[in-house]
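Everything on this sheet refers to the single structure shown next.
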Amino acid sequence: MLVLVALAGAIISYFTFADFLFEDSYITLRYATNLASGQGLVFQSGEAVLGTSAPFWAMFLALPLSLGAQPEVVLDVAFCFSLAALGYAGGRLLQRLGSPGAGVAFALAVALGVGRLHAYWGMETPLFTALLLGAWCWALDRRYVLSGLCLGLACLTRYEGYAFGAAMAIVLASRGSWSAIRSGGLALAGVTLPWLGVAWHYYGNPIPLPAGAKAGHVSPLRYFERSYLDLPHDLFWPLTGPLADPTGGAGYAYPVGLALSVVLGILGLLGVIYLIKSRQFLAAALPLGGLFVFAVLIAFAPGPLCTWHRAPLHMIGLLCALYGLARLTRGKCAGPRWRSAGYAAAVLGVLAAIPIHRAASFQLRNTFQYVGREIAYPEIADFLRQTRLNETTVLTWEPGYLAFMSDARVIDVAGLVTPAPTFTAASTSRWDVGFPNEADLVLLRAPFRPEGFQLIFEGSMGSWLFARPRIVERYADAIEAYRSSNAEGAEVQPVTGGPVALTPSYSGPPFVIGPPGTLTRISPKQDMLALTAETPILGLDTPTLEIEFQTKTPNYVQLQLVVRGEVVLATKPGAEGEDPLLTWDVSPWRNRTAKVRVLAVAGSGADASFGVVRAAD
């Protein structure tokens, strides 16, 4: 039953979430594709930079890639395999502790997505957790060499594995099991030391760049606070998601998740107490290792968005809670009738995963991660390839998507896959920050123009690509050819032909689009960086335009007139509460083609109303 539940959960997950590859997973995937193609374990050819914190995951992916498999398919299948392995390893560990029913329940929880694992689709998190639990299974069976090998692979998947190894060694030393420490330690060293030596020699440092780049984004106290506040969402995201307001509000999700978190915490504490009372000290080393890791995370305090670091801790907590529940009910739920009920519950739980995953996937589809990958980045990558601008260097905040899709050389602003760039001018305002000299292009997802750059491409969802003048001059013919080819066949609509509607470039949630009519209302219910709405290509056959437009937010909202990709007229950003009817003199551009566009950088609760463009009377 354990194997069937683990496999069924992974298969259902694949058919629901295979389209939701997490942005950071593309970083390791690019390392894997370069390794498979013979360029080495590098993000960019010829640059020895350790920008992945999961070298074993990259090597694991590189094997099928070297046989010609499609990269994204490999990532999907490998992640599903990891989910199944996690469900089985956790269930096997609970079976080894004398709680087979709890083992099946753990596999079912993984299948349902408890721990928010599915939100990090493509990441190494489930494989790392599966290797950890597998190491403890072998240790409980006193097969310490296999345990050390498994733990060594976990350390190469995420360096947090060393903290769990330290916890296991402490417990074994307290029990006087020196032979176990020796055999397991030698096996672990045999796996990890060669990698550390190679990494030191090749990269100059075995510590990956993300370890330093993500550290210190918030204070330790703030990180601890966010970990607590995020607990309901992180633990029970797929189960509480269907209870949330479908338009993006909190609904009942948070209080339900909070109640479940309290119950889980109490049961987890009981589970640890039962482990100690039953003298299962080695098993108790697993939550001890989790405490070590959490202490390290608090000390390093990565940014609030790096929630996947806590996912293995959540799964260990779940394992302890299920063990506590099993011990608490031991002898009360025994016999053939209870066993049959357990089988029925497992089958129903697997079937319930289908609608639960569908509800969770709806939430993911509303995120900027998904929308950006599906809409914005393919457009940008296509532009870079067709104009040969992928031969240049692009400064970007999201290197995974861009580098993988366009094969361009990137400079990573956060310093995850390249050394953090040094900006030429320091400022408290993002409007006048100078960019590194080595950056030929700058990809921004915020509406400001970097000094010394020209706008060459505007994509969906608020994506702006800027280039230095020398790059614009060098690739002018290719850029013009791209614009001409995309303009061919485009219908030009005369302004005097009647009102022209402003249409959002993205019309899905979390933006609630009102019915067609005079005004279109956009009300973001979640934080999202930018949304654009624009007219078709207009023929400016009138000297004056009249535009219905009003913003009701202090955030950045601007109305623009765009002629051949250049903003020639614009309202003042954040013009809150202005007259909704604007009149523009467009006589300098009469008889040319243009677009009218609204740009909204909209946080939670922002609101903008706009509708039509017409010739003034």
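The values are calculated or read from the model by the stated rules, or taken from the named source; none is laboratory data. Given the structure is predicted, the values throughout are model-derived calculations rather than measurements. All Cβ positions, even for glycine, are placed from backbone atoms using ideal geometry, and neighbour counts span all protein chains on display. Please note that ligands, DNA and RNA were not included when accessible areas were found on the heavy atoms of the full protein model with its side chains. Shrake-Rupley method; radii C 1.70, N 1.55, O 1.52, S 1.80 Å.
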**OP:** Multiply the residue gap between Arg358 and Asp541 by 0.36 nm, knock off their C-alpha separation, and tell me the result in nm, one decimal place.
**Re:** 61.0 nm
Original post:
For Ala476, what is the net charge nearby, where nearby means another residue's Cβ is under 15 Å from its Cβ and Lys, Arg count +1, Asp, Glu -1?
Top reply: 0
Original post:
Can you give the net charge of the other residues whose Cβ lies under 14 Å from the Cβ of Gly148, counting K and R as +1 and D and E as -1?
Top reply: +2
**OP:** Estimate the FRET efficiency between Asp477 and Asn591 by the formula 1/(1 + (r/R0)^6), using the beta-carbon distance for r and 22 Å for R0, to the nearest 0.05.
**Re:** 0.30
Subject >> Heavy-atom surface of the stretch 15-117, accessible at 1.4 Å and reported per residue (Å²) >> reply: 31 Å²
Original post:
Under a point spin-label approximation (7 Å from Cα along Cα-to-Cβ), what is the Val73-Leu348 distance to one decimal in nm?
Top reply: 3.9 nm
**OP:** Could you look at the stretch 78-160 and say what percent of its accessible area is carbon and sulfur, using a 1.4 Å probe and all protein chains?
**Re:** 64 percent
**OP:** Report the net charge of residues surrounding Ala180, where surrounding means a beta-carbon distance below 12 angstrom and charges are Lys +1, Arg +1, Asp -1, Glu -1.
**Re:** +3
